[in-house]
Amino acid sequence: MTPHERGILIATCTSSLGSFYTMALSGFALPHIQRGLAIPENEIGALFALLRFGTVFSLVLAVLADRIGRRRLLIASVVGCAVCNLATAFAWNGLSFAFLQMGARLFLGAQVLLAVVVVIEELAAENRGFGLGILTALGGMGGALTLVVYAFVDHLPFGWRSMYVIGAFGLLSVPWLWRSLPETRRFTDHNDRVGLLGPRGPVWQPFGDLVRHHRPRLAILIAVVLPVSIILEPASVLISKHLQADLGYSPAQVGLLIGSCGIAAPLGNVLTGSLSDRFGRRAITALMTLLGSLGTALFYFGVGPIWMVVGLTVLFISFGGIGVLHAALAAELFPTSLRSTATGMREAVGTLGASLGLGLLSAAFGATGGNISSMAWLLVLTPIAPIALWWLPETAGRELEEIASDELR
């Protein structure tokens, strides 16, 4: 990579650390938060559903980024996520906690998707997949930081509240990001061309243009993302419960097993990004989609501990890889004027798919008699994404302007 490309990766990885820290924080600290705010057990699901839904509203910031620039919105999202974390340290009940963290999710979702757009627009065509893999793997170190901080939660002043104060560390990087992160050249060139055409439409116009002028390509992207989210979200949520309730593992054994197999996730980020640069986004995305379902089947329905460990490792590889590949497809398939909006749509569809998957799991509970049994029914959606991928143009190793002008297969 050139020095400019390396500088872009360093800046975007730095901007993403706080978002991954925040993603992991609420899950790790849930028992302490519940006790500290006296949240009843029957309200936990609703409050955390509200919290998670904040990511859907990241689409608003994504649309704005197609009008006023990636750089300013990315830095503003770093500030917004940090401020919401700081405010969460002063939450007085469960509802205030959920709303403050819903705001944090709004900004962290924007951080992640705008970092992806910057990497896609600034790196050379042959390096885009690898760059996204590095961004996701190193940004994910924020989640590792959460694990380290959580280990000392009982010794921190004010307990879990201090973890959210620490979650405001993104503010420290803002002056450096302001100096080091330039606006992408593609957006600057596009903005200069549009400026010559006179006044532009309303700020929400990119969303309307995306739906109006790129409906077939958008529909196919949704068909790629939605079924995978429906399958993999329940698969990830039930890992710990399955190990403890069904297989009899202790919490310490669960932590050791997940920590050992979880090393596969960042490896999956980098490996799938690099492989997709070489062998194509469509082929590697289809492969990772099938591996995700295979890992789910082996982990939940395999016989014996060996198959369970193999399944869990494959699951973590697919978690890491699919996130990179879906992000690449969403950013590469659409023109510069709509790239951020399309990436925001992908994030929103993934979030809605995750909620839908959990809802379907609960709906099937009465018929199957258990969440694990219900998981088998979700796996029937597996072929949808690989089939839909066939209709998309290949994006790996090609200039973005050439991809945007392609016809569907």
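Expressed as a fraction of 2.2 N^0.38 Å, the C-alpha radius of gyration for the stretch 1-138 is 1.16.
Taking the inverse of the mean 1/r over every pair of distinct Cα atoms in the chain gives a Kirkwood hydrodynamic radius of 21.7 Å.
Within the shell defined by Cβ-Cβ distances under 10 Å, the residues around Val56 carry a net charge of +1, with Lys and Arg each +1 and Asp and Glu each -1.
Kirkwood analysis of the stretch 221-284, using all unique Cα-Cα pairs, places the hydrodynamic radius at 14.1 Å.
Helical content alone sets the calculated 222 nm signal of the chain at -25000 deg cm²/dmol, taking -39,500 (n - 2.57) per DSSP H segment of four or more residues and averaging over every residue. Using only the C-alpha atoms, the convex hull of the stretch 158-275 corresponds to 251 Å³ per residue.
Per-peptide packing, taken as the mean over residues of other Cβ atoms within 10 Å, places 9-18, 386-395, 154-163 in the sequence 9-18, 386-395, 154-163 from highest down.
Computed about the Cα centre, the dipole magnitude for the chain is approximately 400 debye when only Lys and Arg (+1) and Asp and Glu (-1) carry charge, each at its Cβ.
Rolling a 1.4 Å sphere over the protein heavy atoms, what is the accessible area per residue of the stretch 89-244, to the nearest Å²? Per residue, the stretch 89-244 has 45 Å² of solvent-accessible surface. For the stretch 261-313, the fraction of 1.4 Å probe accessible surface lying on carbon and sulfur atoms is 81 percent.
The values are calculated or read from the model by the stated rules, or taken from the named source; none is laboratory data. What you see is a predicted model; the values in this text were computed from it and never measured. All Cβ positions, even for glycine, are placed from backbone atoms using ideal geometry, and neighbour counts span all protein chains on display. Just the protein is used for accessible areas: all its heavy atoms, side chains included, with ligands, DNA and RNA removed. Shrake-Rupley method; radii C 1.70, N 1.55, O 1.52, S 1.80 Å.
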